[in-house]
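Below is one structure, written out as structure tokens; comments come after it.
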Amino acid sequence: MKNTQNNTFYHDLLKLSVICLCLFSFAVEAKYQSPTLEPSKGIQFHNEFSMRAGMTSGYMDTRGLQGTSDKRATIGFTTSVSYRFKRIQWTISSYTLFGGISNLSYDTKVIQFSKTSGRFRNVAITPTARYHPNIQLGSFSPYLGAGILWSHRTNKLRRAQMTTKTDLSNNKINYESRGLIIQLGIHQTNQATNGKFPLFIELSLIHSQSRNVSLIDTSNFRKTEILSKQDAPSEIKNSKVLLSLGARLF
Amino acid sequence: MIPVNKLIKFFFILTFCLLGPLNVLCAEQPSFSLLGSQDSEISDSFHLNYQDPQVIYGYRDRDDHTFGEVLGSIGVIYGISWLIYPIVMPTTFREGELSDYRTNFGRIVWDKDEPFWNWFVHPISGSQMYLYYRAHGHDRWSSVGLTFISQALWEFTIEVYTEPTSFQDNYITTVWGSILGFGLENLSMHLLNNGGAISRFFGHAINPSTLLWFYEGKVHFIPHIDPREGQENLSAFLIFDF
């Protein structure tokens, strides 16, 4: 019961965040699009699309069932496609992360896994709104972003204690999660690089909670089969601090 | 009895293997008929003094595409997608049913496919779509947008025959595909413009759209020195292949 209440509160918080972000961005845009204001010197490009890619690495804390937890480093890639107005930039980003698993417990409702070890892959897609204040730090300018996040984590186990014996090499456990992301970054201005591959450095704080869990049969390489799919609200909680480094490609 | 899908695969491989070397050979000998002149003096000077002709590969970013032209480009990719699906995944396609199409239509899920499909096949197909639109003279962002449209048509109207639309595939094919396409575009241009036959072969291999008739960026560059007394001019001819 407590879990369900937490979950409802969490979803309401997510919805509220999205509404606040939208209202905030519209308000800021309305203010800065006003013809009575003088153009800002800190703005380097407006009304422009941008495609970015880079590497990301960081630290993550995953909490599984029965009080189990796994703290470890992770590494991966980040990409983003965005459209910038004057101050606000709408972005869709992705984070693809890889790493190991140890000692987490999972419950797929068909089989319970404990004392696990293996590898995970995590794909997160996040629409965010970024605010670019009128600040210059040499050839860089900072930005602050926030958004919601959908995440898909695949756990490929090598060893585990199971309630029903199964072939781990032909199975994987998937968790779908939702969460929030806050980004703080600096990016090189177009003028500094003459428009060629401006760099960015970004710190991201991510928190997500699981929504459902699936047990997947991967024995057929061409088409995987879902053996079970169940709701798993807040069974797996994940917090990450990621540092991304990359460049705007075009 | 040879299966049809094997024949089609063989045809694709044969075409791909033949087109590369053929194009490399043909590229060495651009037609000079366009330079034909009735003036024998000028004509002689061409024959005596033109420098080695070069074929330069690049991209022309046009902004005058008609609606019909864009629709045609999208339609070709859409048709190829319908053709390729049963060839690449015959077993999966045979398992599909019209009732599945109705059930899956409009549903968006996280797919559970293996990384080979999500992280290898989708970005590569996205990159080739991006390069196809680039070859048609679209700028980078138009190519990204058209790649997204083609990808969405594939996900929402073709693949739903066997499975629901994948949330992450829409992003991966478009964004990762375009990023990979951007890299392949630069690498292929470097290989095509700076190197010998092998370099050009690989340049075409990673960017096959440069071999096709609609590719708009191929330019014959013919430097010419006029040796006539008092008229020592350096000029060049640029002949676009359309």
Shielding of A:216-224 by other chains, given as the mean Cβ count within 10 Å, works out to 4
Low-density loop trypsin sites (Lys or Arg not before Pro), the stretch B:94-132, at most 16 other Cβ within 10 Å, DSSP non-H/G/I/E/B, are B:Arg107
Volume per residue (Å³) of the convex hull spanned by the alpha carbons of the stretch B:53-107 is 179
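Using the heavy atoms of the protein chains alone and a 1.4 angstrom probe, what is the accessible area of the stretch A:82-178 per residue in square angstrom?
Per residue, the stretch A:82-178 has 37 Å² of solvent-accessible surface.
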Residue span B:Val88 to B:Ala205: 0.36 nm per residue of separation minus Cα-Cα distance leaves a gain in nm of 40.2 nm
Expressed as a whole number, the average count of other chain Cβ atoms within 10 Å around the Cβ atoms of B:171-179 is 5
All alpha-carbon distances of the stretch A:151-250, grouped into 10 Å bins from 0, give the whole-percent distribution 14, 29, 23, 20, 12, 2, 0
The answer for the per residue Cα convex hull volume of the stretch A:199-250, in Å³, is 144
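Around A:Leu184, under 12 Å between beta carbons, what's the net of Lys plus Arg minus Asp minus Glu among the other residues?
Within the 12 Å Cβ shell, the charges total 0.
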For the stretch A:64-118, the accessible surface attributable to carbon and sulfur atoms (probe 1.4 angstrom, ligands and nucleic acids excluded) amounts in percent to 59
Simple spin-label estimate for B:Phe116/A:Val241, 7 Å along Cα→Cβ, in nm, reads 4.0
Ignoring ligands and nucleic acids, chains A and B bury, in total, an accessible area (1.4 Å probe) to the nearest 100 Å² of about 2700
Per-residue average of other protein chain Cβ atoms inside 10 Å, peptide B:111-121 -> 5
Those residues in the stretch A:70-104 that give up at least 50 Å² of accessible surface, probe 1.4 Å, once the partner protein chains are present instead of the chain by itself are A:Thr79
Kirkwood radius from Cα pairs of the stretch B:91-131 plugged into Stokes-Einstein at 20 °C, 1.002 mPa s, gives D in µm²/s equal to 173
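The values are calculated or read from the model by the stated rules, or taken from the named source; none is laboratory data. All of these numbers come straight from a predicted model, not from anything done at the bench. All Cβ positions, even for glycine, are placed from backbone atoms using ideal geometry, and neighbour counts span all protein chains on display. When the accessible area is computed, the model is the full protein with side chains, heavy atoms only, and any ligands, DNA or RNA have been set aside. Shrake-Rupley method; radii C 1.70, N 1.55, O 1.52, S 1.80 Å.
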